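This report refers to the structure that appears directly beneath it.
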Amino acid sequence: MIKAGIIGSTGYAGAELARLLCGHPEAEVVWYGSRSYQDKAFASVYQNMFKIVDAKCLDDDMDRLSQEADVIFTATPQGYCASIISEKILEKTKIVDLSADFRLKDVSIYEKWYGIEHKAPEYIKEAVYGLCELNRSITKEARIVANPGCYTTCSILTLYPLVKEGLIDPATIIIDAKSGTSGAGRGAKVNNLFCEVNENMKAYGVTTHRHTPEIEEQLGYAAGQEIILNFTPHLVPMNRGILATCYASLKTGVTAADVREAYEKWYCDEFFIRLRHDGDLPETRWVEGSNYADIGWRIDERTGRIIAVGAIDNLVKGAAGQAVQNMNILFGLEEKTGLEMIPAFP
């Protein structure tokens, strides 16, 4: 059995990790780390775990945890993982970091967009960006996996075949994305109160959202050139889900058949990516509670643009599910192990 530790187990992503790992046939959680709820029963914080998890929440002693766990998931705020990672820890265990600490390869971009000093830039180069469907071959031997963000996972997967195959002008990309409120985390914030969110939709982080450089960097690798794009997120009154609607101008002569061929080329063998039938667009309700990413598109012949739409569950494929998928890759398991949940509806 793979022994797993979770630091930040009482946040939404951490709790989702606990739920998934409790049902994983090849893994067990040996450490429920939570600074806020230390010494309290995990099941008293998340009562869906009543009589399922008997453990108490522990501290965040990474040195001690590294001696007990084969893999440590850090579902923590930006800056934490970089502040505690060390060669001593990495000699004993693997790290799957759900924060942004090792996603960006340019430390100056990280520090600009996140507004904090990076405490471990020496590990940035070796960290693997853990978007499983695109980087599994280099994830296998990694010591540090930078688990992608939720908006980025959805946006990159939706656009990647179009960019990689040169079917669109990357300078014309616009991403309009929506997220459920769990994406903001479990911390008490006025803007996330029921009365603030219910019956409302709003754009936020306009021109400044931290996932922007992550999307640009990864799509830039696909295009073989620097990409600058517009990314605008929105908060919608639902618990879970990401819907990314992506716009771009098709290059001259590109046909609907070319588009379908590109998506099939990259994703036809991917278990967790479901390509919709032509003209059929994804909805968040059809991926809720699952590790699937649904992708569909339509071509606007009038404007020469393509509208590609992706949908994921932000807490599963956008966070904990992808982290478990990365763990499966790290330990040589079939990627879908413990992740074959059918989306829950209603």
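Select from the stretch 48-81 those chymotrypsin sites (Phe, Trp or Tyr not before Pro) which occupy a DSSP coil region and have at most 14 other Cβ atoms within 10 Å, ordered by residue number.
Those that pass, being in a loop and sparsely packed, are F50.
Over all directions, average the projected area of the Cα convex hull of the stretch 218-327 and note it in nm².
Projected over every direction and averaged, the Cα hull of the stretch 218-327 covers 8.3 nm².
Taking every pair of Cα atoms in the stretch 2-126, average 1/r, invert it to obtain the Kirkwood radius, and report Rg/Rh to two decimals.
0.99
Express the Stokes-Einstein translational diffusion coefficient of the stretch 151-313 in µm² s⁻¹, to the nearest whole number, given a Kirkwood radius over alpha-carbon pairs, 4 °C and a viscosity of 1.567 mPa s.
D = 80 µm²/s.
May I ask you to list the trypsin sites (Lys or Arg not before Pro) in the stretch 73-105 that are in a DSSP loop and have at most 16 other Cβ atoms within 10 Å of their Cβ?
Filter output for the stretch 73-105: K92, K105.
Grab the other residues whose beta carbon is less than 14 angstrom from that of I124, score K and R as +1, D and E as -1, and report the net.
Here the charged neighbours net out to -4.
Can you give me the relative contact order of the chain as a percent, contacts being Cα pairs under 8 Å and 6 or more apart?
Reported as a whole number, the value is 17 percent.
Within 10 Å of each candidate Cβ there may be at most 13 other Cβ atoms; applying that plus a DSSP loop requirement, which trypsin sites (Lys or Arg not before Pro) in the stretch 163-238 survive?
K189
Please give the contour-minus-distance gain from C268 to W286: 0.36 nm per residue of separation, less the Cα-Cα distance, rounded to one decimal in nm.
Separation in residues times 0.36 nm, less the Cα-Cα distance, equals 4.6 nm.
Can you list the lysines whose alpha carbon is less than 30 Å from that of K164, not counting same-chain residues fewer than 8 positions off?
Partners within reach: K105, K112, K125, K140, K178, K251, K265, K317, K336.
From the backbone phi of the stretch 47-62, what are the Karplus-calculated ³J(HN,Hα) couplings (6.51 cos²θ - 1.76 cosθ + 1.60, θ = phi - 60°) in whole Hz, Gly and Pro given as x?
7, 5, 9, 4, 6, 10, 10, 9, 6, 8, 6, 10, 7, 10, 6, 5
Measuring from the lowest to the highest alpha carbon on each principal axis, how far does the stretch 77-148 reach, largest first, in angstroms?
That works out to 32, 29, 19 Å along the principal axes.
Within 10 Å of each residue's Cβ, count the other Cβ atoms and sort I228, I89 from fewest upward.
I228, I89
Restricting to DSSP H runs of at least four residues, report the calculated mean residue ellipticity at 222 nm for the chain, -39500 (n - 2.57) per run over all residues, nearest 500 deg cm²/dmol.
-7500 deg cm²/dmol
Over the stretch 78-153, calculate the relative contact order: mean separation of alpha carbon pairs under 8 Å at least 6 apart, over the residue count, as a percent.
Averaging sequence separation for qualifying contacts and normalising by length gives 37 percent for the stretch 78-153.
Which length gain, in nm to one decimal place, applies between C22 and M341 when the Cα-Cα distance is subtracted from 0.36 nm times their residue separation?
Going from the current span to full extension adds 113.5 nm.
Which whole-Hz ³J(HN,Hα) couplings does the stretch 31-46 yield from phi under the Karplus relation 6.51 cos²θ - 1.76 cosθ + 1.60, θ = phi - 60°, glycine and proline marked x?
Per residue, the Karplus-derived 3J(HN,Hα) values read 7, 9, x, 7, 5, 6, 10, 3, 6, 8, 5, 4, 6, 7, 7, 10 Hz.
Straight-line reach from K51: which lysines fall under 19 Å, measuring Cα to Cα and dropping same-chain residues less than 8 apart?
Once the sequence-local lysines are set aside, what remains near K51 is K40.
How big, on average over all directions, is the shadow cast by the Cα convex hull of the chain, in nm²?
Computed as one quarter of the Cα hull surface, the answer is 17.1 nm².
Where a number appears in this text, it was derived from the coordinates with a stated rule and is not lab data. Predicted, not measured: the structure shown is a model, and the values here were computed from it. Please note: Cβ atoms are built from the backbone with ideal geometry, for glycine as well, and neighbour counts cover all protein chains shown.
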